[in-house]
Every structure is written in C-alpha cells, then in structure tokens.
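Working notes for the structure below.
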Amino acid sequence: RRYAPCPQVAVASAGRVFMAFGHVAWHQREEPWLDTLVAVNGFNGTILWRRALTSGIMVDRSTMIATPTTLYLADDKSCKLIDPATGKVRGEIVVPDGLADGPVWKWMALQDGVLYALVGGPEVSVETITSNVRGVGHWPWGMWKGHEYADPRTNFGFGRTFLAIDPATQEVLWSHREPEYIDSRGVCMDQGRIYFYCPEQLLGCLDAKQGEVVWKNSDDSLLQAIGPNGRAQHYVTGYATTSFIKCKDKQLYFAGPQRARFVVASTEDGRVLWQKRQGNVQVVLRDDGVYCAGPQLGDETAGAIYGYDGQRLASLPIRRACTRATGSIDGVFYRTSGGTVRVNSADNSAEHIAPMRPPCQDGVLISDGLLFWGPWMCGCQLSLYGHISLGPADAQPAAVPTAEPQLQRGTGDVAQIKAFPVDAGDW
C-alpha cells in the first residue's frame, strides 16, 4: 500500500481512516487499488476491510462522510450507509423518481442529523485505466476525459436539485430545484445555510431548514470578480475537480486551481467584500486569519495570512506544486520542496516535516490527535511512501532504541485501542 491510483478522497472518524481510490493507474504498482474503498485502523495502520467502488464515476467530489457509527458513500445510483467497522452496507438512500434530473449524487453534507445533497442527471463516464509502466516515475498531465467541463448537463458534479433527507427514515424533508446548473465544486454549508454557485450566472443561498431561497446575486461586479472557470489540470495549478469555495461566519471564499482571482463575498447578500489578484491559493480558515498557501510559480506575495478585513498580516512559504493545504487546531500543513511544512499559528513559524510529501488531492489528514499521510501515485524523490502517521510528542528526551519491535499489531477492533489525547504535548 505504498502507492495508490488517482483520484482519491480520504475522510476519518473515531480512529478509522477511509480512502476512496479512483480509476487511473499510471503505473503497474497502483493497479491493485483501482476503484477501491479501503478502511484503515488510524492507530496502527492495519487494513480493516476493503470493498469495490462503482466504476465509471469520478470519485473526487464531496460525497463521502465519516461518523463514528456510519460511513456515508454516494455514487451514481444511491447513498450507501456503510458499517465503518465491517464495510457492510446497512442501507441505501435512493433519489425518488421524478424529483431531479436523475439519481446521481453530486455533493452532500451532514448537519444536525440531516443529510443534505445536490443530485442530478448522468455525467461523463470515466474509464478505468490500467498501465504496463513499471518503476517509480511520475505521470502525464493533460485534459483527461471530463476534466474540460464542456457541458453543464454532463459535467462532473453538476446538478439542479437540492434535497434534505432524514437518514434514519430516508424521508425527503424538502427539495429545491434551480433552473440553472449548479457546480458542486462551488457548494458549501455553514450555520444552517447552503451556498451554491451557478457558473457565470449567479451565487445563491438556501435556508437549510426549509429549503427556501434566502437570496440570489447575479450582479455583474460579483460574476466578473469570480470570473469563468479555468481549465486547471497542471502540476502547478492542480486538478480541475477541486472544490473552490469555503465559508466561515460572514464570508464566502472563492479560490483554487480554476480561479483567476481570490474573491471574498458576503454571506448576507453575496456582494464582493474584497479580492486579491492571485486566485490559485489553497485556503485554510482559522479564527486568527485566512491562511493562503500561494502557488509555486505565482506572485511571491500570494503566500499570505489575511485578516477578515482583507488586510495582509504576514507572509507564508510558497507551496510546492498543487497539494492541498489543511489545518489543525494549532497549525496549517501543506507541501513544500522536499516534504511538508507546518505553520505554527502561535508565532507564524514554519517547521519542516520531512521526508513525507502529502498526497495531492488530500493533503495532510488530521483526526483523533494524529496526522496522516496517505499513499499516492507520485514517485517524488526524497520521500517516504505509504500510509504514514505521526502522533504527539511527550516533551521527554528521545527514547533510546531497543531490540523490542516498534510495530504493535492490534486485533483490528478500533474500540479496544486507546486514542492519543489531542492535547498531549507538542507536535
């Protein structure tokens, strides 16, 4: 399990890490994991179970949610309710006939016991790609099938119908249909509201309790600031399938591989609050500011921490290539040359973590007081490969190595393994 196919999505909960591996193997070493969902014990790396994914669908979308009791996994037919300990499907939620353009799940979120989804019609079908390439090389970049986003009717993740569903009874609580196609890369949820973007048409907001429109904004100043979707698909910019919207409190943030500008809009009415000229930044939102990991070949000022008023507070190291930035309670993680950087939020110091580089589409995963680096398809030099985890240090002098084995294999029952306390020392 040192290498894995592209694309991939990972989530974690209650000591388990779930990784969905997609449809492309650029080397033979990745083929065993094509179209596969894997569950791993987060505390010792043991594979708990694996199961086949539905082939033909792009997995890089927000349709997998992990909780301590259920793994929600949606595809082009239904949302599966999976037992996280065994991998067995306990139930399925199917979009009722006639309610949407089709049964395909484009995006979903879980809040206060309600499952919210954007659903719609069939998409461009991706083909599972195998390879006879051996060795540890990299891979070719290009405008792969479907990544050009040529037709909103069949684009990855585009739909027109939102649903609110009670996962316990599978009852549809409400549905809302838009005349224009919604780009699921531009959908997010916060504080009982769903925000959605119809490319070059409008930005909208729904009340999540009733499914009613709170506001829509199609003002030229907003649409011109956000601009058309870029093509991305380059090692510096990143993947076209990447989500490009985030939300915190009173502000919406548009940034990512497809964005020419970094645009911040109001959650009250969608008006533009402030913007920056470099849109290809990886954004992490924290109480102390907006952390933006700038692109490798972009403006050197793009790597920055901004206040919520748009004022520049500090600089950040430029990220290496396209890897996603993620955040923990006390820091921000992303890829730099030769490994990973951790930006300490207390004093803005940058600490180098070597020699692991994060997977491009996941970044460093943070859960249960641990940091996870998953397998990926790249053969970058000076890097460890595989499923790797770091835990908190105890602030004691380094232990003297002994002959005792350092790997402790458990029974596979996560419930019997004591988690590390989140506040145990420093990373």
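A count restricted to segment 152-208 and to residues that are touching a Phe, Trp or Tyr at 6+ places or on another chain (Cβ under 6 Å), without any contact (Cβ under 8 Å) to a residue 60 or more places away in the chain and among the hydrophobic types (A, V, I, L, M, F, W, C) stands at 2.
Taken together, the criteria place Ala117 among residues that are in contact with a Leu (Cβ under 6 Å, 6 or more places away or on another chain) and either crowded, with 22+ Cβ neighbours inside 10 Å or not in a strand (DSSP E or B) (or both).
Which residue, of Ser175, Ser125, Ser221, is assigned to a strand (DSSP E or B) and either farther than 26 Å from Val95 by Cβ or of a type outside the set (A, V, I, L, M, F, W, C) (or both)? Give the steps one after another, and end with the answer.
On the way: Ser125 fails: assigned to a strand (DSSP E or B); Ser221 fails: assigned to a strand (DSSP E or B).
Testing whether each residue is assigned to a strand (DSSP E or B) and either farther than 26 Å from Val95 by Cβ or of a type outside the set (A, V, I, L, M, F, W, C) (or both) leaves just Ser175.
Among the candidates Ser218, Ser243, the residue that is out of contact with any Asp or Glu (no Cβ under 8 Å at 6 or more places or on another chain) and surrounded by fewer than 16 Cβ atoms within 10 Å (Cβ to Cβ) is uniquely Ser218. Exactly one residue out of Asp97, Asp101 is in a loop (DSSP other than H, G, I, E, B), charged (D, E, K, R) and exposed (fewer than 13 other Cβ atoms within 10 Å of the Cβ): that is Asp97. Ser337 meets each of the listed conditions (1) among the small types (Gly, Ala, Ser); (2) in contact (Cβ under 8 Å) with a residue 24 or more places away in the chain; (3) open to solvent by 10 Å² or more (accessible area, probe 1.4 Å) apart from (2). Return yes or no: is Gly87 in a loop (DSSP other than H, G, I, E, B) and free of Cβ contacts under 8 Å to residues at least 24 places away in the same chain? No, not satisfied.
Selection within segment 24-48: residues that are farther than 20 Å from Thr323 by Cβ and among the acidic types (Asp, Glu). The member of this set that is most open to solvent (accessible area, probe 1.4 Å) is Glu31.
Please determine whether any residue of segment 118-139 is over 26 Å from Tyr3 (Cα atoms) and among the aromatic types (Phe, Trp, Tyr). The answer is no; no qualifying residue exists. For segment 246-275, a tally of residues being over 20 Å from the mean Cα position of the chain (by Cα), of a type in the set (S, T, N, Q) and assigned to a loop (DSSP other than H, G, I, E, B) returns 1.
In contact with a strand residue (DSSP E or B) (Cβ under 9 Å, 6 or more places away or on another chain), without any contact (Cβ under 8 Å) to a residue 60 or more places away in the chain, assigned to a strand (DSSP E or B) and open to solvent by 10 Å² or more (accessible area, probe 1.4 Å): is that true of Leu73 in this structure? Criteria met by Leu73.
For segment 297-318, indicate whether the set of residues that are touching a Phe, Trp or Tyr at 6+ places or on another chain (Cβ under 8 Å) and within 27 Å of Arg2 (Cα to Cα) is non-empty. No: zero hits.
Taking segment 179-218 as the search range and keeping residues that are of a type in the set (Asp, Glu) and part of a strand (DSSP E or B), which one is nearest to Cys247 (Cα to Cα)? Reasoning before the result, please.
Step one: filter segment 179-218 for residues of a type in the set (Asp, Glu), giving 180, 183, 190, 200, 207, 212.
So of that shortlist, the ones also part of a strand (DSSP E or B) come out as 180, 183, 190, 207.
Details: Glu180: 22, Asp183: 16, Asp190: 7, Asp207: 15 Å.
Among residues in segment 179-218 that are of a type in the set (Asp, Glu) and part of a strand (DSSP E or B), the one nearest to Cys247 (Cα to Cα) is Asp190.
Against the list (1) in a strand (DSSP E or B); (2) of a type in the set (Val, Ile, Thr); (3) more than 20 Å from the chain's Cα centre (by Cα), the condition Val284 fails is (3). Considering only residues in segment 362-371 that are of a type outside the set (S, T, N, Q), open to solvent by 10 Å² or more (accessible area, probe 1.4 Å) and part of a strand (DSSP E or B), the one that is nearest to Cys6 (Cα to Cα) turns out to be Leu365.
A quick yes/no check of all residues on (1) touching a residue at least 24 places away in the same chain (Cβ under 8 Å); (2) in contact with a Leu (Cβ under 6 Å, 6 or more places away or on another chain); (3) of a type in the set (Phe, Trp, Tyr):
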site	(1), (2), (3)
Ser218	no, yes, no
Ala232	yes, no, no
Thr237	yes, no, no
Phe244	yes, no, yes
Gln251	yes, no, no
Arg271	yes, no, no
Val284	yes, no, no
Tyr291	yes, no, yes
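For segment 1-23, the set of residues classified as open to solvent by 10 Å² or more (accessible area, probe 1.4 Å) and in a strand (DSSP E or B) consists of Val9, Ala10, Val11, Ala12, Ser13, Arg16, His23, listed by residue number.
The values are calculated or read from the model by the stated rules, or taken from the named source; none is laboratory data. If you're wondering where the values come from, they're calculated on a predicted model, not measured in any experiment. In this analysis, Cβ positions are derived from the backbone assuming ideal geometry, glycine residues included, and neighbour counts consider all displayed protein chains. Protein only, heavy atoms only, side chains kept; ligands, DNA and RNA dropped before computing areas. Shrake-Rupley method; radii C 1.70, N 1.55, O 1.52, S 1.80 Å.
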